[in-house]
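Worksheet: the structure to be examined is printed underneath.
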Amino acid sequence: QDYQRVWAGLRGLKLAFYMLPQDQEPLEVLDLGELVTVQAEGRALVLRLRGQEVTMKVESWETQEMWRGFILTMTKMRMPRDLALLPGHNVQLLEALRQERERRGTPVSPASPVVPSCFFEVTRPEAELLLELSAGRGNLLLRPGGHGQGLSVTIRQEIDGRALLRHYKVKKEPQGYVIVMETPHRCSSLADVVQFFVRTSRGSLQPLDPDYSTQL
């Protein structure tokens, strides 16, 4: 089978193909709203849409998996759990998902004007997945709370070979924040919230951010 070398760009549910990367007018645009399945077959991705099938060959397995991840994330508006990507690529996918939610006008929870860089605009299941896929690079993150209420802390620890996941609500108060737990703990800032978990775990909990500073 003969293939034509093209450049591809994905925005939301529109997958466009271009002759050259600087071209403004696409050769073809696929509506991924019509997508039925996308499967990896050898060095190719097979997109089956209603009434159409498109095969995309890519240069490497990593590129193939990235395209599969982006296509599924945009069509399902959630990150697939079966991706085999590096932690940095997973963060790119989650950031793309956050931007697409904003573009589509999906309500997102308001965050404090100043938040630690371990804050991620992800849902509870996405937070669990991100920590699982980023093992060794941090096991604690901040995220929006459920139902648009406040914020939450998600932590993941390996104990006796088993993953232990915990979620804590963080409520805003006039004088700062309170971590909802058996004995509520008050903090002056979100950075203090993060430090509370790092300190009380004696360092076994670390925020998911390579640039995190304990001076926050």
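Multiply the residue gap between residue 43 and residue 4 by 0.36 nm, knock off their C-alpha separation, and tell me the result in nm, one decimal place.
On the way: separation 39, 0.36 × 39 = 14.04 nm, distance 1.51 nm.
That works out to 12.5 nm of additional length.
Quick one: compute the contact order of the chain, relative version, from alpha carbon pairs under 8 angstrom and 6+ residues apart, as a percent. All intermediate terms of the calculation are to be shown ahead of the outcome.
Details: 335 pairs, mean separation 23.9, N = 216.
Across the chain, relative contact order equals 11 percent.
Using Cα springs under 10 Å in a Gaussian network model of the chain, which residue among 155, 71, 179 shows the largest mean-square fluctuation?
It is 179.
Take the alpha carbon atoms of the stretch 5-48, find their center, do the same for the stretch 49-74, and report the distance between the two centers in whole angstrom.
8
What size of dipole, in debye to the nearest 20, comes out for the chain about its Cα centre when the only charges are +1 on Lys and Arg C-beta atoms and -1 on Asp and Glu C-beta atoms?
Values: 27 positive and 26 negative charges, 157 e Å.
Computed about the Cα centre, the dipole is about 760 debye.
With the dipole of the chain worked out from charges on the C-beta (+1 for Lys and Arg, -1 for Asp and Glu) around the Cα centre, which of 74, 141, 26 lies farthest toward the positive end?
Going by the charge dipole, the pick is 141.
Among the aspartates and glutamates, select those whose C-alpha is under 13 Å from the C-alpha of residue 169, and discard any that sit fewer than 8 residues away in the same chain.
182
Rounding to the nearest 20 debye, state how big the charge dipole of the stretch 109-200 is about its Cα centre with +1 on each Lys and Arg Cβ and -1 on each Asp and Glu Cβ.
160
Give the lysines reachable from residue 14 as a straight Cα distance under 19 Å; neighbours fewer than 8 places away on the same chain don't count.
Result set, ordered by chain and number: 57, 76.
How much length is gained if the chain between residue 22 and residue 158 is pulled fully straight, taking 0.36 nm per residue apart and subtracting their Cα-Cα distance, in nm to one decimal? Intermediate results must be reported in sequence, preceding the final value.
Values: separation 136, 0.36 × 136 = 48.96 nm, distance 4.70 nm.
Working it through step by step, the gained length comes to 44.3 nm.
Within a Cβ distance under 14 Å of residue 124, other residues only, what is the Lys/Arg minus Asp/Glu net charge?
Numbers: positive: 78, 81, 143, 156, 166, 169; negative: 121, 126, 128, 132.
Charge balance near residue 124 sits at +2.
Let me understand the chain better: what is its radius of gyration from the alpha carbons, and its Dmax, in angstrom?
Answer for the chain, Rg first and Dmax second: 20.4, 67 Å.
Under the classification rounded if a/c is under 1.5, otherwise prolate if a/b is larger than b/c and oblate if not, where does the stretch 7-102 fall, given a ≥ b ≥ c as square roots of the Cα gyration tensor eigenvalues?
Verdict is rounded for the stretch 7-102.
Count the net charge of all other residues whose Cβ sits under 15 Å from the Cβ of residue 41, scoring Lys and Arg as +1 and Asp and Glu as -1. Display every interim value, and only then the final one.
On the way: positive: 43, 48, 57, 68; negative: 53, 65.
Net charge in that neighbourhood comes out at +2.
Using 0.36 nm per residue, how much length does the chain from residue 63 to residue 11 gain when fully extended, once their Cα-Cα distance is taken away?
Extending this stretch completely gives an extra 17.0 nm.
Bear in mind these aren't lab numbers, they're just calculated from the coordinates by the rules spelled out. Quick caveat, the model's predicted, so the values are computed rather than measured. Heads up, the Cβs are rebuilt from the backbone with ideal geometry, glycines too, and the neighbour counts pull from every protein chain shown.
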